[in-house]
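Presented below is the structure to which this report refers.
The values are calculated or read from the model by the stated rules, or taken from the named source; none is laboratory data. Computed from a predicted structure; not experimentally measured. Neighbour counts run over all protein chains shown; Cβ positions are idealised from the backbone, glycine included. Keep in mind that these areas ignore ligands, DNA and RNA; they rest on the heavy atoms of the full protein, side chains included. Shrake-Rupley method; radii C 1.70, N 1.55, O 1.52, S 1.80 Å.
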Amino acid sequence: MESKQWYMEYKIHKNRPGLLGDIASLLGMLEVNIMTINGVEDRTRGMLLQTDDDEKIELLGKMLQKVDNITVNKLRTPTIVDILAVRHGRYIERDSDDRKTFRFTRDELGILVDFLGEIFKREGNQVIGLRGMPRVGKTESIIAGSVCSNKRWTFVSSTLLRQTVRSQLSEDEMQPNNIFIIDGIVSTIRSNEKHYGLLQEIMAMPSTKVIEHPDIFVKESHYDYSHFDIIVELRNTPDEEITYETFTANYSDDF
């Protein structure tokens, strides 16, 4: 059987000396490799494990149920959130009602870039929305995430340097493996018919599209929220309100 990774997370009730060593020894006897280990939030430890035998993971879970000092919270195939939790020592905040919405603040740009980089590594069609006020770091994070995923990015519309509204792309730019960056306001409010035709073509491609200002994009186009696989919110502070009334009316190169 091919080796695969697992994520194990456990809560520590009594952090006695030698506890981690005992668990590591148990994993060693089962020949389950520890790939990464880190504390994840308060008195919680996360591990990325690797084994070529799924039955060993099942046996591990049953054995750890008998250890009084810990409670295993998660033992599963790792998600991107799990991988980043071990890597950065904390969980990404998710909306309790809409589980596909992830929240970041500006001082978490490193985690956001890492998160986007992992998402961008996925093949096939996916649409990612990125909410945030002007100058919070949206476009820069997308570009940095593209670099992390070793993929090329293509601006379909943008205001990073100047207002960009593309009506056609070159053959190299239209590769499905590229990351397509779309400004939801520019592409719907400031665009022309040729640009919108290009936009529809790109949205139908089996590729990754990142749309800044997804709420305006949905409001001003025939697309809806069901087209989005993930929504990312980026704020300067945790309590900052993301509103569009203050800048959509005069959306210009300043933004």
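Here are some notes:
- Qualifying residue in the range 42-64 (condition: open to solvent by less than 30 Å² (accessible area, probe 1.4 Å), touching a Leu at 6+ places or on another chain (Cβ under 8 Å) and assigned to a loop (DSSP other than H, G, I, E, B)): no
- Here residue 80 fulfils each of the conditions (1) modelled with pLDDT under 95; (2) farther than 29 Å from residue 94 by Cα; (3) among the aliphatic types (A, V, I, L, M) apart from (2).
- Odd one out for residue 50 among (1) under 30 Å from residue 214 (Cα atoms); (2) polar (S, T, N, Q); (3) in contact with a Ser or Thr (Cβ under 7 Å, 6 or more places away or on another chain): (1)
- Of all residues making up the range 73-87, the number that are of a type outside the set (D, E, K, R), surrounded by 15 or more Cβ atoms within 10 Å (Cβ to Cβ) and within 22 Å of residue 13 (Cα to Cα): 3
- Residues in the range 102-122 that are free of Cβ contacts under 8 Å to residues at least 60 places away in the same chain and either among the charged types (D, E, K, R) or over 26 Å from residue 159 (Cβ atoms) (or both): 107, 108, 114, 118, 121.
- Restricting the range 86-101 to residues that are in contact (Cβ under 8 Å) with a residue 60 or more places away in the chain and under 24 Å from residue 5 (Cα atoms), the residue that is nearest to the chain's Cα centre (by Cα): 100
- Among residues of the range 1-35 being in contact (Cβ under 8 Å) with a residue 40 or more places away in the chain and of a type in the set (A, V, I, L, M), the one that is nearest to residue 73 (Cα to Cα) is 8.
- Test: residue in the range 79-90 that is out of contact with any helix residue (DSSP H, G or I) (no Cβ under 7 Å at 6 or more places or on another chain), acidic (Asp, Glu) and part of a loop (DSSP other than H, G, I, E, B): no
- Matching strands (runs of 3 or more DSSP E) fully within the range 136-243 where at least 2 residues are in contact (Cβ under 8 Å) with a residue 24 or more places away in the chain and open to solvent by less than 30 Å² (accessible area, probe 1.4 Å): 179-183, 208-212, 230-235
- Only one of the numbered conditions (1) closer than 22 Å to residue 112 by Cα; (2) touching a strand residue (DSSP E or B) at 6+ places or on another chain (Cβ under 7 Å); (3) not small (Gly, Ala, Ser) is violated by residue 147, and that is (2).
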